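To start, the structure under review is shown below, and the notes come after it.
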Amino acid sequence: MSVFQLLWRNMMHRKTLSLLTIVSIAITIALLLVLLQVRSGIEHGAEKGYGPFELSLGSKGGSTQLVLNTYYRVGSPAENIPHHVLHDVLKESGTRCRMSLR
């Protein structure tokens, strides 16, 4: 008797347990694939939410608060930065444009 015949006979003898095992493996693989897709979608949405901005300037405070309020409109806004700081940033050689978000 070959190994495959032995496996097949064992599976047919315990049909319910074999079926439950196959179903649980299929559900586990499906959930893993769904989680990977959700993660990819969240990362893509976060990258899209930041837009073309490479740098965000804000007043003293938490960087998380600045990002959440500026890009996602969540939470209370941070204070404004002084106008001369904006002009200093524009004088830098790498600055192409500025945008004021409110």
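Things to note:
- Residue within segment 17-30 that is aliphatic (A, V, I, L, M), part of a helix (DSSP H, G or I) and within 24 Å of Glu79 (Cα to Cα) present: no
- Test: residue in segment 87-98 that is surrounded by 10 or more Cβ atoms within 10 Å (Cβ to Cβ), modelled with pLDDT under 85 and of a type in the set (Ser, Thr, Tyr): yes
- Flag if Gly45 is at pLDDT below 80, within 15 Å of the chain's Cα centre (by Cα) and more than 30 Å from Trp8 (Cβ to Cβ): yes
- Evaluation of Asn80 against (1) in contact (Cβ under 8 Å) with a residue 12 or more places away in the chain; (2) open to solvent by 90 Å² or more (accessible area, probe 1.4 Å); (3) assigned to a helix (DSSP H, G or I) (one fails), failing number: (3)
The values are calculated or read from the model by the stated rules, or taken from the named source; none is laboratory data. This is a predicted model, so every value here is computed, not measured. FYI the Cβ positions are ideal-geometry reconstructions off the backbone, even for glycines, and counts take in every protein chain you see. Accessible surface is based on the protein model in full, side chains and every heavy atom, while ligands, DNA and RNA are left aside. Shrake-Rupley method; radii C 1.70, N 1.55, O 1.52, S 1.80 Å.
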